[in-house]
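What follows is a short report on a single structure.
All of the numbers you see were taken from the coordinates with simple rules; none came from a lab. Since we're looking at a predicted model, the values are computed, not measured. Virtual Cβ from ideal backbone geometry, glycine too; neighbours counted across all protein chains shown.
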Amino acid sequence: MPQKPVHEQEQDDEQQSVPQTIQENTQEVIEGAQQEVQAAQAPWYLTLKRGRLLLVLYALQLALFGILAWWVHANPVLPIDVAITREFQENQAPWLKYIMIAVSYPGYVPLISIGLVVLAGVILWLVRLRLEAVILVALCAFSSLLNGLLKIIVARPRPTGRLVDILQAASGPSFPSGHVMAYVAFWGFLFSLCIILFRGRSWWRITLLIVSALFVVLVGPSRIYLGDHWASDVLGAYLIGGVLLGVALWLYLMLRERGVLSRKEKRPEA
């Protein structure tokens, strides 16, 4: 069998080495990320303590949400809601409008919102935070389903143009805000992980804390400013979203302590 010329053999070797080089570099990046994440993890007793403090705060919100949901169902249009929206909309500066639209935009595009959840889940899985990845995806999916159910039950109409300015119209029932619940589930869970799971001042931890906090804090005002929701819709979404986040964190801590999809953590000595 005739042998290939030397230059063709060299080309074949180069073509075969490119995928191998890419695979090796990718593996190095993943292993480096895994080591950095493991090095940043706080001791389990500190993680447990932080998590329980957050759970107490989240649990207190459930009763408040129930009262608010009943109230807006009986009184679809509240004078205080109208006053708050008009106060928000007094400033019609273009820069403010663009910021409010930008904050809400990911929630309008399913490809972006679902893509962010999938991307975050894949990254968590690759850095060996597999339980965290599963809880994140499940929390976001359940939050979306719960929001749709609550909207049907409460059946509150959205703001109308005769009461406030509608800068970006949306359809469907108003209470609670779907954007706010989705952002609390996704960004709130990532923020909570950074607080209870990691330590130190690594750039990725600080960046994730800032970005996630900004999205959670700004999405509520953006929904009011754009005229998509009443302030009570936003408040209700923060309340029930916080409760759902608290349940997810409780489940996460319990499963992690038992070693589900992760190494079993040792209980702190008394």
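Taking amide H as placed 1.01 Å from N in the peptide plane, the amide H of PHE198 sits under 5 Å from that of ALA42, each at least 5 places away or on another chain. Across segment 96-101, computed HN-Hα scalar couplings (Karplus, 6.51 cos²θ - 1.76 cosθ + 1.60, θ = phi - 60°) run 5, 4, 5, 5, 4, 5 Hz from first to last residue, x flagging Gly and Pro. Over the Cα atoms of segment 125-205, the radius of gyration divided by the Kirkwood radius equals 1.14; this is the Rg/Rh ratio.
Descending by average beta-carbon neighbour count within 10 Å, the peptides 220-228, 136-144, 200-208 line up as 220-228, 136-144, 200-208, the highest first.
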